[in-house]
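Down below is the structure, laid out as structure tokens.
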Amino acid sequence: MVSRVIPVEDFDLVIFGGTGDLARRKILPGLFRRFCSGQMPAQSRIIGAARSDLTDSSFRKDIKGALEEFLPEAARSTKDVKGFLDRLHYVRIDATGNDGWSALKKLVRKDKDTVQAFYFSVAPGLFSSLAERLHAHNIAGPTARIVVEKPFGRDLESAKTLNATLRDHFDESQIYRIDHYLGKETVQNLMAVRFGNMLFEPLWNAQYVDHVQITVAETVGVGGRGAYYDTSGAMRDMVQNHLMQLLCLIAMEPPARFDPDSVRDEKLKVIRALDPPERDDIVRGQYESNKAGESYLEEVENRSSITESFIAMKLAISNWRWAGVPFYLRTGKRLKARASEISIVFKETPHSIFDKDSGRHRNILSIRLQPNEGITLGVTIKEPGPGGMRLVDVPLDMTFANALGPEAEDVPDAYERLIMDVIRGNQTLFMRGDEVEAAWAWTDPIIKDWTSRGDRPKPYDVETTGPEDAAVLMHREGRRWLEIKA
């Protein structure tokens, strides 16, 4: 396999929060890899903007340390590191005041041949202020694009307010609401598998699919995010955005073409077709302490918290394609393994010609996002050897590292791909404002319902698969969760 690297247009990228964790851990190491691949034009620049009192030199030194911390030694030659660091500049800026904006205006090029990108890698409360000041100080030109990290509000009202403020200063075509899950190689391969193969799309409906499972399991707790997470919970932090986007890609109708609005129009239809779940179709959990670590309540330092660190849900989509097909979603912290996987479980054959001892067998298409990205299709075959017709399920495995060779291990990180899409002006893998608002319109009543009742999450031990009630959610209909495997 020979990968193609297509250079992008000349750009100035301003990273607000350029000294923060996300910038140091993901954004700048990702840009360094794009630089090493030859994708960044010679005149392109990266400008860190934050409140720390740094110079260009001290900022470059800090980012050099970040590259050493977050990239393997083999991925950073001395020559490449120096060349990349020479692209970096720094401006000390007050996001809510006027200090530093004149210096930023002098630094950022404002011509039709240079793409301007402004990455809001800051707390959501600063999004509006940054947008207003970019406009007030006449920094953003006609090629300007802003990248906004989640969360996009904490409910429908705040999401509408944020969208309105951003649109006061930027056109919707200039706003890139980033969800790094959509930048993962396997998520994009999901669309290729669905819409590029005649084998699957005719079976992608209620006639052949028994149910769909989407699992995003984490082994870490809330850690240093305790204060934020306790006001958010798994529903706001994961379901309303990451899992909702995965659900949309699985369930949407084929778009007329692979372009931003065609894809996002179909995703929006899925969100609007989602039924409100019944109360007993939702399981919320909260991890307890044991020898493996502190409890959720200890980590957030709030003994009376009723915020969930785990949620499992059974959802239904009211349209012809998916009528009667349940979608099971679960996500949680401090579980037994780190894994993100989508599984399409097909129905059993309508009639089995084999005896009852052959057991139950189903085809399962599994799309694994992390770790070990890849796609497997479970098929039923005869177990080799004498002694009758014994059936076993085996995977047709397309784990990228196995199927595509060494180059598959060097695929761009989600942030690398998405930032380059911003420079290209391609919004296909970014959320549109009406998508965000539709997701909150569906989410808000669910959260308000359990909040009004004061429901406490079910306790579960760390390093397990979550509360027992989540297993019951499946068992009562004769189904079971697929194993969470690292």
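What ranking of Cys248, Cys36 comes out by heavy-atom accessible area, probe 1.4 Å, highest first?
Values: Cys248 0, Cys36 55 Å².
Per-residue accessible area, sorted high to low, gives Cys36, Cys248.
Under unit Cβ charges (Lys, Arg +1; Asp, Glu -1), what dipole magnitude, rounded to 20 debye, does the range 96-242 have relative to its Cα centre? Don't jump to the answer; show the numbers that get you there.
Working: 16 positive and 17 negative charges, 105 e Å.
About 500 debye.
If Glu201, Glu483 are ordered by their accessible area, calculated over protein heavy atoms with a 1.4 Å probe, which sequence runs from highest to lowest?
Details: Glu201 35, Glu483 115 Å².
Largest to smallest exposure gives the sequence Glu483, Glu201.
If eta is 0.692 mPa s and T is 37 °C, what Stokes-Einstein diffusion coefficient results for the chain, Kirkwood Rh from Cα pairs, in µm²/s?
135
Using a simple charge model, +1 on the beta-carbon of Lys and Arg, -1 on the beta-carbon of Asp and Glu, nothing else, what dipole does the range 91-158 show about its Cα centre, in debye to the nearest 20?
Numbers: 10 positive and 8 negative charges, 63 e Å.
The dipole of the range 91-158 has a size of about 300 debye.
³J(HN,Hα) across the range 248-255 via Karplus (A = 6.51, B = -1.76, C = 1.60, θ = phi - 60°), whole Hz, x for Gly/Pro?
These are the phi-based 3J(HN,Hα) values: 4, 5, 6, 9, 5, 6, x, x Hz.
Within straight cross-link reach of Lys458, meaning Cα distance under 30 Å, which lysines are found once same-chain residues fewer than 8 apart are removed?
By straight Cα distance, Lys458 reaches Lys150, Lys291, Lys314, Lys333, Lys336, Lys448, Lys485.
Identify all aspartates and glutamates with a Cα-Cα distance to Lys382 below 16 Å; exclude those on the same chain that are fewer than 8 residues away in sequence.
Asp355, Asp357, Asp393
Could you estimate the translational diffusion coefficient of the range 255-310 from the Stokes-Einstein equation, with Rh from the Kirkwood formula over C-alpha pairs, at 25 °C and 0.890 mPa s, in whole µm²/s? Before the final figure, lay out the partial values.
Values: Rh = 15.1 Å.
Approximately 163 µm²/s, per Stokes-Einstein.
Place a point 7 Å from the Cα of Lys112 along the Cα-to-Cβ direction; which residues of the range 167-203 have their backbone N under 20 Å from it?
171, 173-174, by backbone N distance to the label point.
What translational D, rounded to a whole number of µm²/s, comes out for the range 69-220 from Stokes-Einstein when the hydrodynamic radius is the Kirkwood one over Cα pairs, at 4 °C and 1.567 mPa s? Please report the intermediate quantities before stating the final value.
On the way: Rh = 19.5 Å.
Approximately 66 µm²/s, per Stokes-Einstein.
Roughly how many Å is it from the Cα centre of the range 75-104 to that of the range 222-300, as a whole number?
What the calculation gives is 34 Å, centre to centre.
Return the Rg/Rh ratio of the range 217-302 with Cα-based radii and a Kirkwood Rh. Don't skip to the answer; put the middle values down first.
Working: Rg = 17.4 Å, Rh = 15.6 Å.
The Rg/Rh ratio comes out at 1.12.
At a Förster radius of 51 Å, what calculated FRET efficiency corresponds to the Cβ-Cβ distance of Arg456 and Leu203, to the nearest 0.05?
Numbers: r = 41 Å, r/R0 = 0.81.
The pair Arg456/Leu203 has a calculated efficiency of 0.80.
I'm checking a number: the convex hull volume of the Cα atoms of the range 427-482, normalised per residue, in Å³. What is it?
Numbers: hull volume 9.6 nm³, N = 56.
About 172 Å³ per residue, rounded to a whole number.
Out of Val325, Leu369, Thr380, whose Cα points farthest toward the positive end of the dipole of the range 318-385 (charges: +1 Lys, Arg; -1 Asp, Glu; placed on Cβ)?
Of the listed residues, the answer is Leu369.
Ignoring ligands, DNA and RNA, please state the percent of accessible area on the chain from carbon and sulfur, probe 1.4 Å.
On the way: 11300 of 22150 Å².
Carbon with sulfur: 51 percent of the solvent-accessible area.
By a straight-distance test (C-alpha under 22 Å), which lysines pair with Lys82 as possible cross-link partners, with residues fewer than eight away in the same chain excluded?
Straight-distance partners of Lys82: Lys26, Lys61, Lys64.
Between Met313, Tyr287, Asn302, whose Cα lies farthest towards the positive end of the dipole of the range 262-334 when Lys and Arg beta carbons carry +1 and Asp and Glu beta carbons carry -1, centred on the Cα centre?
Met313
Over 16 Å apart: what share of the alpha carbon pairs of the range 2-98 falls there, rounded to a whole percent? Can you show the working numbers first?
Working: 2513 of 4656 pairs.
Percent of Cα pairs beyond 16 Å in the range 2-98: 54.
Skip the ligands, DNA and RNA, and give the accessible area per residue of the range 58-195 with a 1.4 Å probe, whole Å².
Details: 6130 Å² over 138 residues.
Per-residue value: 44 Å².
Rounded to the nearest 20 debye, what is the charge dipole size of the chain about its Cα centre when +1 sits on each Lys and Arg Cβ and -1 on each Asp and Glu Cβ? Could you put the intermediate results ahead of the total?
Values: 66 positive and 71 negative charges, 100 e Å.
It comes to approximately 480 debye.
Kirkwood hydrodynamic radius for the range 155-307: how many Å is it when counted over pairs of different Cα atoms? Can you show the working numbers first?
On the way: mean 1/r = 0.0536 Å⁻¹.
Value: 18.7 Å, from the Cα pair sum.
Just to confirm, what accessible area per residue do you get for the range 260-320 at 1.4 Å probe, in whole Å²?
49
Based solely on its DSSP helices, what 222 nm [θ] is calculated for the chain when runs of n ≥ 4 H residues each add -39,500 (n - 2.57) and the sum is averaged over all residues, nearest 500 deg cm²/dmol? Walk me through the numbers before you get to the answer.
Values: 15 runs with 150 residues, N = 486.
Rounded to the nearest 500, the figure is -9000 deg cm²/dmol.
Mind checking which of Thr464, Thr443, Leu429 is farthest towards the positive end of the range 407-486's charge dipole, using Cβ charges of +1 (Lys, Arg) and -1 (Asp, Glu) about the Cα centre?
Thr443
The values are calculated or read from the model by the stated rules, or taken from the named source; none is laboratory data. Keep in mind that this is a model prediction, so the values were computed, not measured. Backbone-built Cβ (ideal geometry, glycine too); neighbour counts: all protein chains shown. Side chains included, ligands, DNA and RNA excluded: accessible areas come from the protein's heavy atoms. Shrake-Rupley method; radii C 1.70, N 1.55, O 1.52, S 1.80 Å.
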